[in-house]
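Presented below is the structure to which this report refers.
The values are calculated or read from the model by the stated rules, or taken from the named source; none is laboratory data. No experiment lies behind these values; they were computed from the predicted model shown. FYI the Cβ positions are ideal-geometry reconstructions off the backbone, even for glycines, and counts take in every protein chain you see.
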Amino acid sequence: MGVAVVVGTQKGVVILSSQDRRSWETSPLLLKGWLVTAAARDEAGRNYLAVTHDVWGATVMASDDLENWEQLEGAPRYPAGLTGNESHLRVVGAMDPMGQFKDGARYVDQIWKLHAAHGSLYAGVSEAGLFRSDDQGKTWESAPGLDTHSTRPDWLAGFGGLCAHSVLTDARNRDRLWVGISSAGVFRSEDGGRSFVMANEGVDKSEGYCVHSLAHDPIDPDVIYRQDHRGVYRTRDGGDSWQLIENGLPSSELTDGHRCSFGFAIGMDTTSGRIFTLPIEGDSFRFPHGGRLAVYASDDQGDSWQELSNGLPQDFFGNVLRGAMDVDSGDPCGVYFGSTSGCVYGSHDRGESWQELARSLPKVLCVEAFETD
């Protein structure tokens, strides 16, 4: 199976391509000067990138060949008159050279997630919200259930701001979806985004339900895996209740004394059901435990975990961000992740062995794998 791995970085995008998932070719750096924060491919085979620029803001690029990209006319935008979240404005306002946040309005400063399903393209953004396009990104509408959610005045921004970074959909029901927001938690909709309920029961809320990332099989969507600020969790009822699943995962002490398996990225092989996560050493250090880079996998829905580090460096102090891991559709699956230190690693055998695919790239923000001919 041929694979293209889209690596979005702080300074552009690189495409890694392979026909056997063992030997790889690396494209030049494309879209230089743009932060590339998310990627997706729709059912028609069209590719999308979410990009951000200090001057021109957040927008979406599209391509049919992963080489030639065009900026779409439409992009997720809040209507005028909505008030921004104070905690979010404090975070993003500290990095606002153009003064875009000075009037306190609700503003799309970054697109954290692109997700294609049921003929639609979804965008999770900050300030936190969900947008949907039904015409390949030409026009966008926000989900009113999040825009006006009763808990919204109490939402608190995480270190990266108040961001909607995870979007999951039910393959059997286009109206059913989940959104993960830091630090507001997981929200579920049964009516296509017109309304949402909070879905966080059982999760330690000392950090304000600071979900870091979500993964599931869209064919069996009620079983969801959650890498959270306060540990790794699983739900079997679509988010109505969550259980801690850390047997075999390394733990560390957070700044407030709480011990858990802290990390950002989580992914799932929908063919075998294997789950992958990459624990790091606490919320202060944010590098692999002892500098030993290792992915952990579970074959029993998170009841137990095993370390998979064959081929990974044992003296490594980068971080792996929430969007920087993906799993392809091969059998066995390929697994890919990139780091803040600019390295990209891949496995062609469900994580049993690893190889370095790229190095010395800019800081890696997102990784997405797509099947090719």
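Select from the stretch 38-54 the residues that are assigned to a strand (DSSP E or B) and over 15 Å from Ala4 (Cβ atoms) and write down the one among them that is nearest to the chain's Cα centre (by Cα).
For the stretch 38-54, the residue satisfying everything is Ala38.
Could we say that Gln355 is closer than 17 Å to Ser17 by Cα and surrounded by fewer than 21 Cβ atoms within 10 Å (Cβ to Cβ) here?
Yes; evaluated as a whole, the condition is true for this residue.
Restricting attention to the stretch 178-195, which residues are in contact with a Lys or Arg (Cβ under 9 Å, 6 or more places away or on another chain), under 23 Å from Arg322 (Cα atoms) and free of Cβ contacts under 8 Å to residues at least 60 places away in the same chain?
Val179, Gly180, Ser182, Ala184, Gly185, Val186, Arg188, Ser189
From the list Pro288, Pro279, Pro313, pick out the single residue that is over 30 Å from Ala171 (Cβ atoms) and crowded, with 20+ Cβ neighbours inside 10 Å.
Unique residue meeting the criteria: Pro288.
Only one of (1) in contact with a helix residue (DSSP H, G or I) (Cβ under 9 Å, 6 or more places away or on another chain); (2) surrounded by fewer than 18 Cβ atoms within 10 Å (Cβ to Cβ) fails for Pro144. Which number is that?
Every condition holds for Pro144 apart from (1).
Out of all the residues in the stretch 316-332, which are over 15 Å from Ala4 (Cβ atoms) and either in contact (Cβ under 8 Å) with a residue 60 or more places away in the chain or in contact with a strand residue (DSSP E or B) (Cβ under 6 Å, 6 or more places away or on another chain) (or both)?
Val320, Leu321, Arg322, Gly323, Ala324, Met325, Asp331, Pro332
For the condition out of contact with any Pro (no Cβ under 8 Å at 6 or more places or on another chain) and touching a residue at least 12 places away in the same chain (Cβ under 8 Å), what is the one hit in Ala58, Ala38?
Ala38
In the stretch 53-73, how many are at pLDDT 95 or above and surrounded by 12 or more Cβ atoms within 10 Å (Cβ to Cβ)?
11
Limited to the stretch 56-67, what total is found for residues that are closer than 15 Å to Lys138 by Cβ and part of a loop (DSSP other than H, G, I, E, B)?
Counting residues in the stretch 56-67 that are closer than 15 Å to Lys138 by Cβ and part of a loop (DSSP other than H, G, I, E, B) gives 0.
Only residues that are assigned to a loop (DSSP other than H, G, I, E, B) and either under 11 Å from Val295 (Cα atoms) or over 14 Å from the mean Cα position of the chain (by Cα) (or both): list them for the stretch 320-344, please.
Initially, the stretch 320-344 is screened for residues assigned to a loop (DSSP other than H, G, I, E, B), giving 320-324, 328-334, 339-343.
Hits for the stretch 320-344 are Val320, Asp328, Ser329, Gly330, Asp331, Pro332, Cys333, Gly334, Thr340, Ser341, Gly342, Cys343.
For the stretch 1-28, give me the residue count where each residue is farther than 14 Å from Asp373 by Cα and either touching a residue at least 40 places away in the same chain (Cβ under 8 Å) or in contact with an Asp or Glu (Cβ under 8 Å, 6 or more places away or on another chain) (or both).
In the first step, residues of the stretch 1-28 are kept if they are farther than 14 Å from Asp373 by Cα; the result is 6-16, 22-28.
If we keep only those that are either touching a residue at least 40 places away in the same chain (Cβ under 8 Å) or in contact with an Asp or Glu (Cβ under 8 Å, 6 or more places away or on another chain) (or both) too, we end up with 6-12, 14-16, 22, 24, 26-27.
Summing the residues that are farther than 14 Å from Asp373 by Cα and either touching a residue at least 40 places away in the same chain (Cβ under 8 Å) or in contact with an Asp or Glu (Cβ under 8 Å, 6 or more places away or on another chain) (or both) in the stretch 1-28 gives 14.
Looking at this structure, is Ser195 more than 21 Å from the chain's Cα centre (by Cα) and among the small types (Gly, Ala, Ser)?
Against the criterion (more than 21 Å from the chain's Cα centre (by Cα) and among the small types (Gly, Ala, Ser)), Ser195 qualifies.
Examine the stretch 162-179 for a residue that is closer than 30 Å to Arg259 by Cβ, of a type outside the set (Gly, Ala, Ser) and surrounded by fewer than 22 Cβ atoms within 10 Å (Cβ to Cβ), and state whether such a residue exists.
Checked against the condition, which is being closer than 30 Å to Arg259 by Cβ, of a type outside the set (Gly, Ala, Ser) and surrounded by fewer than 22 Cβ atoms within 10 Å (Cβ to Cβ), the stretch 162-179 yields no hits at all.
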